[in-house]
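Structure, as structure tokens:
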Amino acid sequence: MSNIDPAVVAAFGREWSKFDHAGLDSPDLEVLFQAYFSIFPWHKLPPNAQGFDLGCGTGRWAHFVAQRVAHLHCIDASSTALDVARQNLWAHMNCTFHCASVETIPLADNSADFGYSLGVLHHVPDTQQGIRECVRKLKLGAPFLIYLYYAFDNRPAWFRTLWRFSDLIRQFISRLPFAIRSPFCDCIAVIIYWPLARFCKLLEGLGVDVDVFPLSSYRNRGFYSMRTDALDRFGTMVEKRFTRKQISHMMETAGLEEIVFSKSPYWCAIGYRMRESG
């Protein structure tokens, strides 16, 4: 069985064509990159490190990573998204582009010095198998960074209830034609994301701890990011969420060890391919 959903791939191709992140040096992307990679062991990589970005999309993370390594393989199942990435990363001569799914990563096993997949593997039918395929490409001891949607296991009950309601909305919107789905999600960004984010920013200025508030993480981010994430969140048919315990278990099962999670409330984690064959 193929570990890919063609409708999801097509949807992301359209999404990244609309939100192409042409300005890759935007402050929003820099802040997010630093947050995701805060636990990444740059100092442990060899001088001529070669690795992969699984699900590179527009190349928004590859833009920052390529500046720090010898070679980066940018992999995405959507040829449309990959065309956007090529255009955005034209100045990075150390990037190679591959149109491939997670089950057909065109790299030799045990060949990569590092790998990462951010916000991707919760959109495939078998997340566990997807992680396993990524780990197979790593050299022994090489790091793998992953970000998966969290299951709100560190949030109060009312927060989880609010998410269940929003997920019903997602299940409806994600099945609409893109021409309707996209402006629908823009409206969500205008009516919900922006007001709540700015309200949180106001409360924070008054000394209130807003981390528990929905969408508080957007309080210092631009409207472009809100529109992008609204479409990403409500416009995707396949969305899986995992607890920290589940993510740790999947990483260990895939052959990773020394697993560390970031301090962010969202589950971003890094692990190293076991030196003992597993």
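Applying the criterion of being touching a residue at least 40 places away in the same chain (Cβ under 8 Å) and open to solvent by 50 Å² or more (accessible area, probe 1.4 Å) to the residues of the range 242-272, the residue that is farthest from the chain's Cα centre (by Cα) is Thr253. Checked against the criterion of being crowded, with 19+ Cβ neighbours inside 10 Å and among the small types (Gly, Ala, Ser), the candidates Ala11, Ala7 yield just one match: Ala11. For the range 80-108, which positions are in a helix (DSSP H, G or I) and in contact with a His (Cβ under 7 Å, 6 or more places away or on another chain)? Result: Asn88, single match.
Check whether at least one residue in the range 137-150 is touching a residue at least 40 places away in the same chain (Cβ under 8 Å), more than 24 Å from Pro41 (Cβ to Cβ) and outside any loop (DSSP other than H, G, I, E, B), and report yes or no. Taking every residue of the range 137-150 in turn, none turns out to be touching a residue at least 40 places away in the same chain (Cβ under 8 Å), more than 24 Å from Pro41 (Cβ to Cβ) and outside any loop (DSSP other than H, G, I, E, B).
Listed here are the residues, each with its yes/no results for (1) without any contact (Cβ under 8 Å) to a residue 12 or more places away in the chain; (2) buried (at least 24 other Cβ atoms within 10 Å of the Cβ); (3) out of contact with any Phe, Trp or Tyr (no Cβ under 7 Å at 6 or more places or on another chain).
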{"residue": "Asn48", "(1), (2), (3)": "no, no, yes"}
{"residue": "Gly51", "(1), (2), (3)": "no, yes, no"}
{"residue": "Gly59", "(1), (2), (3)": "no, yes, yes"}
{"residue": "Ala70", "(1), (2), (3)": "no, no, yes"}
{"residue": "Asp76", "(1), (2), (3)": "no, yes, yes"}
{"residue": "Ala91", "(1), (2), (3)": "yes, no, yes"}
{"residue": "Thr96", "(1), (2), (3)": "no, no, yes"}
{"residue": "Ser101", "(1), (2), (3)": "no, no, yes"}
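As a summary of the residue check, Thr236 satisfies the conditions (1) crowded, with 20+ Cβ neighbours inside 10 Å; (2) modelled with pLDDT of 95 or more except for the one numbered (2). Filtered by the rule that a residue be out of contact with any strand residue (DSSP E or B) (no Cβ under 9 Å at 6 or more places or on another chain), within 29 Å of Phe172 (Cβ to Cβ) and of a type in the set (Lys, Arg), the range 219-257 gives Arg219, Arg221, Arg227, Arg233, Lys240. Kindly establish whether Ala142 is of a type in the set (A, V, I, L, M, F, W, C), open to solvent by 20 Å² or more (accessible area, probe 1.4 Å) and out of contact with any Pro (no Cβ under 7 Å at 6 or more places or on another chain). Here the answer is no, as Ala142 does not meet what is asked. Taking the condition closer than 30 Å to Leu138 by Cα, loosely packed, with under 14 Cβ neighbours inside 10 Å and of a type outside the set (A, V, I, L, M), does Arg275 pass? Yes; evaluated as a whole, the condition is true for this residue. In the range 1-40, how many are assigned to a helix (DSSP H, G or I), over 15 Å from the mean Cα position of the chain (by Cα) and polar (S, T, N, Q)? Qualifying residue count, the range 1-40: 1. Among the residues of the range 41-73, those that are among the aromatic types (Phe, Trp, Tyr) and within 15 Å of the chain's Cα centre (by Cα) comprise Phe52, Trp61, Phe64. Only residues that are farther than 15 Å from Gln50 by Cα, in contact with an Asp or Glu (Cβ under 6 Å, 6 or more places away or on another chain) and of a type in the set (A, V, I, L, M, F, W, C) were counted in the range 123-167, giving 0. Tell me yes or no: at least one residue of the range 214-224 is without any contact (Cβ under 8 Å) to a residue 40 or more places away in the chain and open to solvent by 70 Å² or more (accessible area, probe 1.4 Å). Looking through the range 214-224, at least one residue is without any contact (Cβ under 8 Å) to a residue 40 or more places away in the chain and open to solvent by 70 Å² or more (accessible area, probe 1.4 Å).
The values are calculated or read from the model by the stated rules, or taken from the named source; none is laboratory data. On a predicted model such as this, the values are computed, not experimentally measured, just so you know. Using ideal geometry, Cβ is built from the backbone for each residue, glycine included, and neighbour counts are taken over all protein chains shown. SASA here: full protein model, heavy atoms, side chains in, ligands and nucleic acids out. Shrake-Rupley method; radii C 1.70, N 1.55, O 1.52, S 1.80 Å.
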